[in-house]
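All of the numbers you see were taken from the coordinates with simple rules; none came from a lab. Computed from a predicted structure; not experimentally measured. Glycine also receives a Cβ, built like all others from the backbone with ideal geometry; neighbour counts cover every protein chain displayed.
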Amino acid sequence: MRPEHRDRAKIDAARRVTERYFEDAAARGDDYLEGVLNDTLYHEQRRLERENPSDAKTRAELAFYQGIRRELLQLQGSDLRSLLDRVTRRFSDEIVGNFDERVYQLTTTVVPAGLSVLLSAASPRQLLSGSLRQRLGEHLQIQGAVDQVRKLLEKGTLIVVPTHSSHLDSIVLGYAVYLMGMPPLLYGAGLNLFTNPLTSFFMHNLGAYRVDRKKSAALYKDVLKEYASVSLELGYSNLFFPGGTRSRSGAVEQKLKKGLLGTGLEAYVNNLRAKRENPNLYVVPCTISYKLVLEAETLIDDYLKEIGKSRYIIEDDEFSKPRKVLKFLSNIMSLDSRIVITFSAPLDIVGNRVDGEGRSLDARGRAVDPFSYVARGGEPVHDEQRDNQYTNELSEAIVAAFRRDNVVMSTHVVGHASMALLKQKNPELDLYRLLRTGGELPSLEISELAEQVDRVIAALRDNPSGPRLGRELDQGDARMIIDDALRYFGTYHTQPAAIRRGSRFVHQHRNLLLYYGNRLNAYDLGRRLGGAYVQAA
């Protein structure tokens, strides 16, 4: 966010939340406001107990909240508003993002070329030619409703909602948006991404606002959502990861977090009230598909330990190790792999499809005015129950777009088919024992696996709800697809997911096979293939 808007957004977000809580207190009594503050202090105290007590930031936060607690014991009635206002302002100060045009130009010119030099051991002379920067861009395949998305920027503000597999997603999508000729997107980035000295510089200056997922107080979440809403009203297109965090299992998200999604509807009503020239907001689902995922090993281990909810944020994964990031990107380039970014057909703020002119269309293709969804007595109004229902409908439309436009690749199909075969051959083993032991046989016959791969691909092609098939699935037969997957399974990860020995497919890291295979879980392959197939997970 540009400096001239940053302070306004920070102040407006805190003020709106304070006023909303104060209005609620007028109806519920002063005890309500005191309860909100006590709840916030409780959650912040619990969070800080888990932090390093010698850290200067932790000590400063403890001192602040201890001061609030002392004053809370002495104040009552309208005096509580000043305390609430101080807490919301502190939260807003922590969240607020920045944008520096000079840093943006740096990241979209020098950084891609610099990465190419690092990844290919090229010389500075090659860098000056510009060919390496072009080479990096060639590894991004941008497809789908690209022209329509660009055109909608003339009609309103965008909310891009991608699938989320890796911390690289925001970087990859940010560069894709630049290649499309679009202005940068604001986005909420986990606080851990600001602790890395290299990435934090760019996070601070490319419009990323800080999201501390360890903060569980409702007041903090309200300030976060309000900041996003204010930024949309100021005309800044946003990127939200609607799954809330990276997919631990490897599956495409089927259940979304609806908090930030609802800010689009709120911003739309506020735009109408303010009579802004282009009040419309458009939601753009987007799938990001990789053959390899940087943090796959850590994510699937976290998923299998069933502690994803308690940890929620992983601070020691592969993204935190620069050498692993470089090795991963180097493998992507050396294998001529493409990261495929697919923009789905845009939606309006209640989940209706939008045409090329920005008009909302109902299920029968008839034009509808989104104003009618939020009007009461001819005026735009907020209605919590109604808005929650609309957000649920929007969420369902996004999930459907994820299923339809997910790009399935060789590693996904082979991972899924191999795990299904292992379950079929070891019906007495539960998933965890199967992953640990591999069952009776340490390998599968390639010919048998090829038959399973063919069945999986045929079922995916016949599914009217998607997905899209990667080019290697359209162009190759099953054995070629298995060979392609094995090339990727044998690189980057600490242990190959699988290797080939003669005519046998040796499953070495079954957790990874499960992770990549889970990308197909949204398509109900077990039911579609019946007795010939067993669902991988």
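Taking K and R as +1 and D and E as -1, what net charge do the other residues with C-beta under 14 Å from the C-beta of LEU62 add up to?
Value of the local net charge: +3.
Within 10 Å, count the other beta carbons around each residue, average over each peptide in 246-252, 51-57, 490-496, and list them highest first.
My ranking of the peptides, most packed first, is 246-252, 490-496, 51-57.
Would you mind getting me the FRET efficiency between MET480 and ASN392? Use the beta-carbon distance for r and R0 = 51 Å, nearest 0.05.
That gives a FRET efficiency of 0.75.
Under 1.5 on a/c is rounded, so check that first for segment 3-95, then, if it is not, pick prolate when a/b is larger than b/c and oblate when it is not; a ≥ b ≥ c are the square roots of the alpha carbon gyration tensor eigenvalues.
oblate
Kindly identify segment 407-532 as rounded, prolate or oblate by the Cα gyration tensor criterion: order the square roots of the eigenvalues as a ≥ b ≥ c, call it rounded if a/c is under 1.5, otherwise compare a/b with b/c, prolate if a/b is larger, else oblate.
oblate
About its Cα centre, what dipole magnitude does segment 347-411 give when the only charges are +1 on Lys and Arg Cβ and -1 on Asp and Glu Cβ, stated in debye to the nearest 20? Intermediate values should be presented prior to the final figure.
Details: 8 positive and 12 negative charges, 60 e Å.
Charge dipole, segment 347-411, about its Cα centre: 280 debye, nearest 20.
Between ILE11 and ALA218, what length in nm is gained on full extension when 0.36 nm per residue of separation is reduced by their alpha carbon distance?
Answer, rounded to one decimal: 72.7 nm.
Quick one: if the Förster radius is 41 Å, what FRET efficiency do THR437 and VAL368 give, using the C-beta to C-beta distance and rounding to 0.05? Kindly include the intermediate steps, with their values, before the conclusion.
Working: r = 56 Å, r/R0 = 1.37.
For R0 = 41 Å, the calculated efficiency reads 0.15.
Anything over 29 Å Cα to Cα? Flag those among LYS215/LYS291; LYS257/LYS425; LYS10/LYS257; LYS305/LYS423, in the order listed.
Values: LYS215/LYS291 33 Å; LYS257/LYS425 37 Å; LYS10/LYS257 23 Å; LYS305/LYS423 20 Å.
The pairs that break the limit, which is 29 Å between Cα atoms, are LYS215/LYS291; LYS257/LYS425.
Got a sec? How would MET480, MET419 order by Cβ neighbour count within 10 Å, fewest to most? Don't jump to the answer; show the numbers that get you there.
On the way: MET480 14, MET419 25.
In order of increasing Cβ crowding within 10 Å: MET480, MET419.
Based on the Cβ-Cβ distance from ARG487 to ARG50, what FRET efficiency comes out when R0 is 45 Å, to the nearest 0.05?
That gives a FRET efficiency of 0.60.
Multiply the residue gap between SER82 and ASP383 by 0.36 nm, knock off their C-alpha separation, and tell me the result in nm, one decimal place.
Using 0.36 nm per residue and subtracting the Cα-Cα distance, I get 105.6 nm.
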